[in-house]
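I have placed the structure first, in the form of structure tokens, so that the comments after it can refer back to it.
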Amino acid sequence: MNEPLKLMFIAAHPDDEALGMGFTLAKYAAEGVEVSLVCATRGERGWTGPAEDDPGLQALGRVREAELRASARVLGAKEIHLLDYIDGDLDQADPHEAALKIAALLRRVRPQVAVTFDPFGAYGHPDHIAISQFTASAVLLAARPDLLDGGLEPFVLPKLYYMVDSQPLVDMYSELMGETLSMEVRGERRLHTGWPVWAAGTRIDASAHWETGMQAIACHRSQVADFIDKLLEIPQRYGKGIWAVQTFYRVFSLVNGGSQPEDDLFAGLR
């Protein structure tokens, strides 16, 4: 009997799964793929309202974890794993410890495909960059027979992808919002980084799951309440494909290769 197909998304914050690749996750879950979500933090510093109304790290973390779990239900995810780091501090975590946590999950779940942030962290977010690096390290550790315990067998991940934003998507977002997504880090403004269309060589058409993806995004009310109406304008102004045909970079694959564009994260595995 063939093993079920499994997809693991490894993220930094609640809402990364919905805003980042929610349409794709919904598509694969609907096809019977077992989707698991790994989230490094609870988004405890993601307060978007007036500073004087900030509920504090623990309270906001509870809110955002509940939003994550609601989103996961909508998307059809089978499992959620929280790594218990603090939002905004992830890049300061012990890299060996963080990688071991992810490696243990890779060994337990044994997905054929894992996805995480690209090295730019979308717009230079240190937490996004950190989870990308921790995941890469975890892939190596999971395969080493001399590391980890608990009876988990070594695991060689067949395929790793970066979730990437194409340049057309970055341009659309800037026009829609009237500004470029950015973040100031150590006195430097980091901008939303778009990948050339040719470089984002894996394109998953999840347009048929637009409504499910938008429902998952709406679950993150603490983060999107101020701009959800603009997101709902996308189909009429730009078409669903600008966002719901989602793009990925194949970091490595042990089962397929070549420069031809992929239309399936499980290419070479089915």
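Each reported figure results from applying straightforward, stated rules to the coordinates on display, with no laboratory input. These numbers were taken from a predicted model, which means no experiment stands behind them. So basically every Cβ, Gly included, is an ideal-geometry build from the backbone, and we count neighbours across all protein chains shown.
Looking only at segment 195-221, which residues have a backbone nitrogen under 12 Å from a spot 7 Å from the Cα of Gln167 in the C-beta direction? Inside the label zone: 195-200. A Förster radius of 35 Å combined with the Cβ-Cβ distance from Ala51 to Val156 puts the calculated FRET efficiency at roughly 0.15. In summary, the lysines within cross-link reach of Lys159, defined as a Cα separation below 23 angstrom excluding same-chain residues under 8 places away, comprise Lys6, Lys27, Lys78, Lys101. All alpha carbon pair distances within segment 71-129 were sorted into 10 Å bins beginning at 0; the resulting P(r) in whole percents reads 18, 45, 36, 1.
The ranking of Glu79, Glu31, Glu262 from fewest to most other beta carbons within 10 Å of each one's beta carbon is Glu31, Glu79, Glu262. When only the Cβ of Lys, Arg, Asp and Glu is charged (+1, +1, -1, -1), the dipole of the chain relative to its Cα centre reaches about 740 debye. Under 19 Å of direct C-alpha separation, and excluding same-chain neighbours fewer than eight residues apart, Lys230 reaches these lysines: Lys240. Sorting Trp47, Trp243 by the number of Cβ atoms found within 10 Å of their own Cβ, with the fewest placed first, yields Trp47, Trp243. Taking Rh as the Kirkwood radius computed over C-alpha pairs, what is the Stokes-Einstein D of segment 6-253 at 10 °C in a medium of viscosity 1.306 mPa s, expressed in µm² per second? Value of D from the Cα-based Kirkwood radius: 87 µm²/s. Between the alpha-carbon centres of segment 229-270 and segment 70-105 there is a gap of 23 Å.
May I ask you to derive the FRET efficiency for Ser259 and Ala30 from their Cβ-Cβ distance with R0 = 30 Å, giving the value to the nearest 0.05? FRET efficiency, Ser259 to Ala30: 0.55. If the segment from Glu188 to Arg270 were pulled out straight at 0.36 nm per residue, it would be longer than the present Cα-Cα gap by 25.1 nm. FRET efficiency for Glu3 and Ala199, Cβ-Cβ distance as r, R0 = 25 Å, nearest 0.05? Step by step, r from the Cβ atoms, then E = 0.20. Using 0.36 nm per residue, how much length does the chain from Asp149 to Glu79 gain when fully extended, once their Cα-Cα distance is taken away? Value of the extension gain: 23.0 nm. Which whole-angstrom value gives the distance between the alpha carbon centres of segment 117-168 and segment 1-53? Measuring centre to centre over Cα atoms gives 15 Å.
Given segment 59-102, report the % of alpha carbon pairs whose separation exceeds 18 Å. Of all Cα-Cα pairs in segment 59-102, 42 percent lie more than 18 Å apart.
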